[in-house]
Amino acid sequence: MEFRKILCSVLDKLMEQDERICVLDADLSKPNGTAKLYEKYPKRTFNAGIAEANMIGVAAGLKAYGMIPVVVTFTPFATRRVYDQIAVSVAYAKLPIIIIGTDPGITAELNGGTHMSFEDVALMRAIPTMKIYDAVDPRQLESALPKLIYSEQPVYIRMPRKERPDVFDEGYIFEEKADIVKEGTDASIIATGTMVYEAMEAAKQLELENINVEVISVNMIKPLDEKTILDSVKKTNKVVVCENNNLIGGLYEAICRLLIENHPVKVEGIGVKDQFGQVGKYSDLLKAYNMTPKDIVEAIKKQ
Amino acid sequence: MSENLKCAAKEIRKLTINCISSIGAGHIGGSMSIVDVLTALYCSEMNIDPQDPKKEGRDRLVVSKGHAGPAVYATLAYKGYFDKDELMTLNRYGTNLPSHCDMNKTIGVDMTTGSLGQGISCAVGMALASKIKQDNATIYCIIGDGESQEGQVWEAAMFASHKKLDNLILFLDKNNLQLDGYTKDVADCGNDALKWIANGFEVYSINGNDPYLCKETIKKAKVSNGKPHMIILNTVKGSGVKYFEDAKENSHSMPINEEIRVKSIAELDGE
Ligand SMILES: Cc1ncc(C[n+]2csc(CCOP(=O)(O)OP(=O)(O)O)c2C)c(N)n1
Ligand SMILES: [Mg+2]
């Protein structure tokens, strides 16, 4: 199943139940799968055109009137393009909205450098009150969206548009905390978004060598589920953090800070190392930025 | 000296199709709509030298609607900036020809674009610098009609006319379509010509899919002083091949398989 199909069907259900929910797009409703909502909810769907800054301001205005706005566009246009609007009109003004950035990090694939945001996590982390959810698989998104939409703080959701392999089983229920997707004792792999799948692949390879790692899916990059992470690291004392964005300002640094304050150990980071995006298929880019399961395995062994 | 522009445009269209079909899909609609103005610029009006792509005092083009990269690459290859075979590397990992224009990757590309609305401001900066340097260059810039919804476009417009940048020639690719549909249905921009006039521009409105008209209008704009120029190109998205034209908004980014490629090339050759 594609993430965008889930996005559309969940929004459809929620909009049916709750007349406050509005959806805003910036000329990407077709690629993002929200276009279908326009016929059914003509009064609560708005295509702002290619004018993202205005879209965020309009969403904040809708919120000031008690509506629940959900804005959807590609990650770079959902974050860096509209940063001051999010910082001031949304967060500082305490008018929380839901911001959905699609095709995060290397999942932007052939759209290339201009569309491949590696800094969105750092940017959004630095805004007070902002929550960040990095979707792992479509099933998780289906369970997460109805909960996050009623958050009293602004939420940034990053999700690929198309298919990604399942990580969670049927019946999975999302909570705003980390999930231990595989238990282990030799090391902790702390991963987010599409990197949870890659971490699980690495864990399988390590198992063949009798290395038993724990894999944690953080789900929420902010606020972090500190307890789950600390409990795991206290047990393993070895940590590799995996994320689909720049390590600078990302989950890696968030974990480093948590551990420095509570349980200092060495932390390896798998992710983009202060580089720009480029065109390529997901698998090519995973290799280009040293983010493959093999790279994760090597990072564990270095620990 | 004076090249047959219709023939050149046809060749560039064929190269554009081959380029995009080499990776199976891409931004064909917005590429095809600007082929004629690219032809007029590179085959006639721009002061450029493909053998010396960074020549001092050269004219520059900012393709602010950066997703039209394939048409730009086809034009540059046609002019000999690089080998035509390279067009087959579009969007492959490690390529010099990414989906959106990149001045650090592609020889002959004057500005990196792809985040809509930004290129036009950079063109204004180049026009300012050319005035300071007094190098007599003309700075050209192509924006999309959907792109014109970005507020930055109008910030650039105000500034350019305030600075009387008559060395700046803008083109609006008015193909009436953007990604989600017709511009008038998504977010109507109203009367473009009046808006640009109100912003202090000298405005022309022509059939943008006629390379000779593009050429004549550019010539007129070049000799007129005191104001920046806007040439509104009334175009057809996907222009030149019926299959792409009929696809309307679906031509924005669409698959081109071998069958469609062969048919499109035959259609262009049969003209
Ligand atoms: C800031 C920004 N927002 C969104 C996009 C995604 N996008 C790429 S092309 C496009 C539509 C462009 O329409 P238009 O300017 O009319 O171009 P054309 O019809 O010539 O293809 C969109 C929304 C982008 N590249 N940049
Ligand atoms: Mg258009």
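The values are calculated or read from the model by the stated rules, or taken from the named source; none is laboratory data. Keep in mind the model is a prediction, meaning the values are calculated, not measured. Note: ideal-geometry Cβ built from the backbone for every residue, glycine included; neighbour counts use all protein chains shown. The protein model used for the area step is the full one, side chains on, heavy atoms only, and it has no ligands, DNA or RNA in it. Shrake-Rupley method; radii C 1.70, N 1.55, O 1.52, S 1.80 Å.
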- In region A:28-53, anything touching a Lys or Arg at 6+ places or on another chain (Cβ under 9 Å) and either at the interface with chain B (Cβ under 9 Å from one of its Cβ atoms) or open to solvent by 20 Å² or more (accessible area, probe 1.4 Å) (or both) is listed as A:29, A:31, A:44, A:52, A:53
- Take region B:175-229 and flag every residue that is more than 16 Å from ligand 1 (Cβ to nearest atom), assigned to a helix (DSSP H, G or I) and under 16 Å from residue B:160 (Cα atoms). B:197, B:198, B:221, B:222
- Identify the single condition in (1) open to solvent by 40 Å² or more (accessible area, probe 1.4 Å); (2) over 22 Å from residue B:267 (Cβ atoms); (3) within 13 Å of ligand 2 (Cβ to nearest atom); (4) not basic (Lys, Arg) that residue B:172 does not satisfy, given that it satisfies every other one. (1)
- Residue match in region B:126-144 (condition: within 14 Å of chain A (Cβ to nearest Cβ) and under 15 Å from the mean Cα position of the chain (by Cα)): yes
- Query: Does residue A:15 satisfy the condition of being aliphatic (A, V, I, L, M), touching a strand residue (DSSP E or B) at 6+ places or on another chain (Cβ under 8 Å) and within 11 Å of chain B (Cβ to nearest Cβ)?
  - Reply: no
- Just give me the residues in region A:91-119 being within 14 Å of ligand 1 (Cβ to nearest atom) and closer than 25 Å to residue A:21 by Cα, in sequence order. A:101, A:102, A:103
- Query: Can you find even one residue in region A:3-23 that is within 13 Å of ligand 1 (Cβ to nearest atom) and modelled with pLDDT of 95 or more?
  - Reply: no
- Task: Mind telling me which of the residues A:86, A:97, A:56 ends up being within 14 Å of chain B (Cβ to nearest Cβ), open to solvent by less than 10 Å² (accessible area, probe 1.4 Å) and of a type outside the set (Phe, Trp, Tyr)?
- Result: A:56
- Task: Go through A:23, A:72 for me and flag whichever is under 18 Å from the mean Cα position of the chain (by Cα), within 14 Å of another protein chain (Cβ to nearest Cβ) and open to solvent by less than 10 Å² (accessible area, probe 1.4 Å).
- Result: A:72
- When residues of region B:19-49 are filtered for being open to solvent by 10 Å² or more (accessible area, probe 1.4 Å), more than 14 Å from chain A (Cβ to nearest Cβ) and not in a helix (DSSP H, G or I), how many remain? 4
- Task: Look through B:75, B:16 and report the one residue that is away from ligand 2 (no atom under 16 Å from the Cβ) and either assigned to a loop (DSSP other than H, G, I, E, B) or under 28 Å from residue B:157 (Cβ atoms) (or both).
- Result: B:75
- Query: So how many residues does region A:103-155 have that are open to solvent by less than 40 Å² (accessible area, probe 1.4 Å) and either in a loop (DSSP other than H, G, I, E, B) or outside the structural domain of residue A:76 (by TED's automatic domain parsing) (or both)?
  - Reply: 14
- Query: Hey, residue A:3 hits all of (1) more than 12 Å from chain B (Cβ to nearest Cβ); (2) aromatic (Phe, Trp, Tyr); (3) open to solvent by 10 Å² or more (accessible area, probe 1.4 Å) but one; which does it fall short on?
  - Reply: (3)
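Okay, residues lined up against (1) small (Gly, Ala, Ser); (2) open to solvent by 10 Å² or more (accessible area, probe 1.4 Å); (3) in contact (Cβ under 8 Å) with a residue 12 or more places away in the chain:
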{"site": "A:233", "(1), (2), (3)": "no, no, yes"}
{"site": "A:248", "(1), (2), (3)": "no, yes, yes"}
{"site": "A:260", "(1), (2), (3)": "no, yes, no"}
{"site": "A:268", "(1), (2), (3)": "no, yes, yes"}
{"site": "A:274", "(1), (2), (3)": "no, yes, yes"}
- Message: Scan region B:145-167 and tell me whether some residue there is of a type in the set (Val, Ile, Thr) and away from every other protein chain (no Cβ under 14 Å).
- Response: no
- Note on the structure: residue B:99 vs (1) more than 7 Å from chain A (Cβ to nearest Cβ); (2) touching a residue at least 24 places away in the same chain (Cβ under 8 Å): all pass except (1)
- Test set (1) within 12 Å of ligand 1 (Cβ to nearest atom); (2) within 14 Å of residue A:27 (Cα to Cα) - residue B:171 fails condition number: (2)
- Item | Search result, residues across region B:175-207 that are within 12 Å of ligand 2 (Cβ to nearest atom) and over 19 Å from residue B:248 (Cα atoms) | B:192
- Hey, any hits in region A:43-55 for a residue that's closer than 20 Å to residue A:118 by Cβ and among the charged types (D, E, K, R)? yes
